[in-house]
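Peer 1: The structure is given below, and queries will be raised subsequently.
The values are calculated or read from the model by the stated rules, or taken from the named source; none is laboratory data. Just so we're clear, the structure is a prediction, and the values are computed from it rather than from any experiment. No Cβ is skipped: glycine too gets one built from the backbone with ideal geometry, and neighbour counts run over all protein chains shown.
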Amino acid sequence: MRPILILLAALMAAPALAQDAIGRVNIAGYNTRGMCTGTLVAPRVVLTAAHCVLGPDGARRNLSDMVFVAGWDGAGHAGATRIDGAEVHPAATDSGGIDVAHDLALLRLSQPLDLAPLPLGTAPPEGPFALAGYTRTRPHRLSRSEGCTGTPGPVWRIGCTIERGQSGGPVLFGTDAPHIVAVISARSGDGALAVPVDGWVRRTLARLH
């Protein structure tokens, strides 16, 4: 019986480890405050949306005003550190605005976090997916939607409602070992727009990692 109990304990611990890798990207500045969601994909790298790093006009935000807080639950966190660099998808801006189809960015943390990162993966665009993130109405607890179906295209349309704050959050595929297959970009009606993880993300992560 003991090996079975050990296995059950490991399976119960897995979701907690995955949740710790997801955190808030806190954005502050002169007379401003905001947040996005990001996911640890390497000890010093967080995957998020490009518009969390760029302003509406495509100009970069001041990175010294940004902090990643992993696993925030309202009472504590699994790790927190400032952001000292960002790699934005080269096609993320279009005519001074954000191109949703390439709304991807990787943040470099000033210190590595001793947490298990979530791996990147691939999935059929139909899903089913889980969406995770911190919302404006529930900013101190991670919100998660399960069983979300998707529609294929350059940007996936996913049939689960999101709120502001969830931008940059992961679209997860798989139950026993979930992996990130896309990043939440924006709300669209009663659903969400998500940008699939592409070759640029994988190449840049390999270089930063």
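Peer 1: Residues to consider are T175, T204; find the one that is more than 12 Å from C36 (Cα to Cα) and surrounded by fewer than 17 Cβ atoms within 10 Å (Cβ to Cβ). Give the steps one after another, and end with the answer.
Peer 2: On the way: T204 fails: surrounded by fewer than 17 Cβ atoms within 10 Å (Cβ to Cβ).
Sole residue among the options that is more than 12 Å from C36 (Cα to Cα) and surrounded by fewer than 17 Cβ atoms within 10 Å (Cβ to Cβ): T175.
Peer 1: Only one residue in P154, P125 is surrounded by fewer than 22 Cβ atoms within 10 Å (Cβ to Cβ), touching a helix residue (DSSP H, G or I) at 6+ places or on another chain (Cβ under 7 Å) and more than 14 Å from V46 (Cα to Cα). Which one? Step through it out loud before you land on a result.
Peer 2: Numbers: P125 fails: touching a helix residue (DSSP H, G or I) at 6+ places or on another chain (Cβ under 7 Å).
One residue alone meets the criteria, P154.
Peer 1: When you go through T161, T93, T137 one by one, which is the residue that is at pLDDT below 95 and in the same structural domain as C52 (by TED's automatic domain parsing)?
Peer 2: Working: T161 fails: in the same structural domain as C52 (by TED's automatic domain parsing); T137 fails: in the same structural domain as C52 (by TED's automatic domain parsing).
Of the residues listed, the single one that is at pLDDT below 95 and in the same structural domain as C52 (by TED's automatic domain parsing) is T93.
Peer 1: Could you check P56 against (1) in contact with a Lys or Arg (Cβ under 7 Å, 6 or more places away or on another chain); (2) at pLDDT below 95 and say which number it fails?
Peer 2: (1)
Peer 1: Looking at V67, V100, can you tell me which residue is touching a Lys or Arg at 6+ places or on another chain (Cβ under 9 Å) and not charged (D, E, K, R)? Outline the logic, then answer.
Peer 2: Values: V100 fails: touching a Lys or Arg at 6+ places or on another chain (Cβ under 9 Å).
Of the residues listed, the single one that is touching a Lys or Arg at 6+ places or on another chain (Cβ under 9 Å) and not charged (D, E, K, R) is V67.
Peer 1: Mind listing whichever residues of the range 111-157 are small (G, A, S) and either part of a strand (DSSP E or B) or more than 18 Å from the chain's Cα centre (by Cα) (or both)? Break it down stepwise before answering.
Peer 2: If we filter the range 111-157 for residues that are small (G, A, S), which is where we start, we get 116, 121, 123, 127, 130, 132-133, 143, 145, 147, 150, 153.
Those that are small (G, A, S) and either part of a strand (DSSP E or B) or more than 18 Å from the chain's Cα centre (by Cα) (or both): A130, A132, G133, S143, S145, G147, G150, G153.
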